[in-house]
Amino acid sequence: MTVTAEALDLVMEILSTEDRPDELALRVEITGTQGVEYTYDLCFDDIDSMLDGYQNYTVEGLPISIPIGSVDKLRGAVLDLPRAGRQGGLVIRNPNRSDPMAGIDIELSGELSDKVRQLLEHAINPALASHGGYAELKGIDEQNNVYVFMGGGCQGCSASAMTLKMGIQRSIKDHIPEVLEVIDATDHSQGENPYYN
C-alpha cells in the first residue's frame, strides 16, 4: 500500500498528538466486506506488538504494519484523502475487490436465464443490499451477452461501474462460463437516491 503526500501529512499530524509517537505504527487491516468492497481498520499501535505476523515498512518516516492476511488484498492500494479534502478523513483506494460468492455454495440449474437469475437472487443481491441496491436480469442476446439493470442505491451510484465490472460480471462469468459479457442496461441518470453521489 502506498500513501499520498497529502494523506501522509495528515497521518503524521495526527501521530504527533499521540503519547509516544516514536513507538507507534499505523496498522492497516482488512476487517471484512461490504458488497464487493473491503472494510478497513486503521489505527496507531505499538510497533513492538506487530513484529510477528505483520508486514512492516516505512513510508517517508511513517511506520506501517499490515497483518499478513491483509497484504495481498491491499496490494496496489493507496491511502489518500477524499476528493473533497480533509473533512472526510482518509480513504483507501483499493483496486482489489472481495468475491461476493466467497462461502456461498449454490447449484445453478436450468436455462442460461434461470442460472443468471438464481445467481443474482442468492449471491449477488444480498451483497448489494448492504448499499440499498439490487441487480436484475433484463435480457440475454444470441451471443450470450447478459443485460443487467441496477436499481435502488446502485442506480446513479458513482461506484456502480466498478461494482458491475469487478463484482457482478466477475461472479457471473466465473460461475456461468457460457456468458460472454455482462452489460449494464441501467439509465443511471434516473437514479433518485443513490447511495454514493
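Structure data summary
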quantity	calculated
Burial ordering of Thr31, Thr39, fewest other beta-carbon atoms within 10 Å first	Thr31, Thr39
Glu18 versus Asp41: modelled label distance in nm, points set 7 Å from Cα along the beta carbon direction	1.5
Prolate/oblate/rounded call for segment 2-93, Cα gyration tensor, a/c under 1.5 rounded	oblate
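Throughout, read-outs are computed from the coordinates displayed, never taken from laboratory work. Note that the structure is a prediction, hence the values are computed from the model and not measured. Positions of Cβ are backbone-derived with ideal geometry, glycine not excepted, and every protein chain shown enters the neighbour counts.
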